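The block underneath contains the structure these notes are about, expressed in structure tokens.
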Amino acid sequence: MGIDQTFETILRLSVFLTALIAIAVLEAIYPRRVMRIPKVLRWRTNIGISVVNQILSRLVIPVSATALAIVCAERGWGLLHQVALPSPFEFAFAIIFLDFIIYWQHRLYHLIPVLWRFHRMHHADTEFDVTTGIRFHPVSILLSALIKLGAVLLLGPSVVSVVIFEILLNATSLFNHSNLNLPSYVDRILRRILVTPDMHRVHHSTLQDEHSHNFGFNFTWWDFLFGSYQAQPTNGHTDMCIGLSQFRGSSEIRIRKLLTQPFRNE
């Protein structure tokens with residue numbers, strides 16, 4: 001099944017903006033933690049760096065995962081074009097496989113020092129809300145795009161599964177980074193499958209042991225399976241310290257500081 005590239009762009013942008021606005025409103029009404037830094041300062045930076053990333057990605061890597069999936073379908077490239085699976089199974093396998101890749105990509109960003117230098121900009125946010133989910137260094141974003149292209153080339157997923165996965169990844173990143181106060185029973189039910197804000201917040205703790213857990217973005221089962229799950233932060237969600245100890249100055253909120261952070265040793 002083919003998907004018009006313009007339609008895909010409009011669809012993904014519409015879902016992203018709808019999710020961003022809806023979650024921002026909900027976390028303002030039902031906040032989990034008291035925010036100590038004015039939103040206008042952080043949001044201007046976090047949204048600004050996201051815009052930079054989108055423009056740079058289009059310029060540096062003009063081939064999208066969806067476009068590559070179309071090429072794979074036309075030329076029969078990838079594992080799923082070599083085996084005959086019913087469409088529902090093929091779709092489910094593609095979503096699960098791509099999520100598996102994202103999980104291990106995230107773990108490698110923490111394990112390999114040069115990758116951590118770029119990924120740590122995401123962790124240096126001293127607050128935790130919906131805009132933290134779009135705060136990534138451009139180098140980290142470009143590398144993620146290349147890894148995703150490699151996964152699509154290897155697997156050969158359908159165009160529809162790639163589009164759905166991209167939408168799901170963007171929406172869940174906004175959701176699980178939100179400052180939304182979910183009822184405990186809702187959180188308990190959701191985290192059997194999906195990463196919740198309380199689960200992912202542990203990963204943004206200043207404590208080394210805590211931010212070495214809960215790497216999942218969409219589904220929780222990888223953390224359970226590979227022993228990286230931690231249910232709750234040591235100091236509780238309202239009192240835990242978010243961010244990195246070496247990047248807490250007020251000037252670190254500026255975009256220029258975020259872009260140069262990987263090259264600074266403090």
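Bear in mind these aren't lab numbers, they're just calculated from the coordinates by the rules spelled out. None of the values given here were measured: they were computed from a predicted structure. Glycine also receives a Cβ, built like all others from the backbone with ideal geometry; neighbour counts cover every protein chain displayed.
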From the options 50, 87, 57, 64, residue that is loosely packed, with under 14 Cβ neighbours inside 10 Å, small (Gly, Ala, Ser) and out of contact with any strand residue (DSSP E or B) (no Cβ under 7 Å at 6 or more places or on another chain): 87
Out of (1) farther than 20 Å from residue 123 by Cβ; (2) surrounded by 13 or more Cβ atoms within 10 Å (Cβ to Cβ); (3) touching an Asp or Glu at 6+ places or on another chain (Cβ under 9 Å), the odd one out for residue 189 is which? (3)
Could you identify the single residue in 94, 67 that is among the small types (Gly, Ala, Ser), in a helix (DSSP H, G or I), in contact with a Ser or Thr (Cβ under 6 Å, 6 or more places away or on another chain) and more than 23 Å from residue 122 (Cβ to Cβ)? 94
Check whether at least one residue in segment 82-95 is touching a residue at least 12 places away in the same chain (Cβ under 8 Å) and within 19 Å of the chain's Cα centre (by Cα), and report yes or no. yes
Working only within segment 152-164, note down all residues that are closer than 19 Å to residue 58 by Cα and surrounded by 22 or more Cβ atoms within 10 Å (Cβ to Cβ). 152, 162
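Just name the residue that is surrounded by the most Cβ atoms within 10 Å (Cβ to Cβ) out of those in segment 227-262 that are hydrophobic (A, V, I, L, M, F, W, C) and in contact (Cβ under 8 Å) with a residue 60 or more places away in the chain. Walk me through how you get there before you give the answer.
Within segment 227-262, the first condition is being hydrophobic (A, V, I, L, M, F, W, C), and the residues that meet it are 231, 240-242, 244, 247, 253, 255, 258-259.
If we keep only those that are in contact (Cβ under 8 Å) with a residue 60 or more places away in the chain too, we end up with 242, 244, 247, 253, 255, 258-259.
On the way: 242: 18, 244: 18, 247: 20, 253: 20, 255: 14, 258: 24, 259: 15.
Checked segment 227-262; the qualifying residue surrounded by the most Cβ atoms within 10 Å (Cβ to Cβ) is 258.
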List the helices (runs of 4 or more DSSP H) that sit entirely inside segment 124-239 and contain at least 1 residues that are more than 30 Å from residue 67 (Cα to Cα) and of a type in the set (D, E, K, R). 184-190, 197-201, 221-225
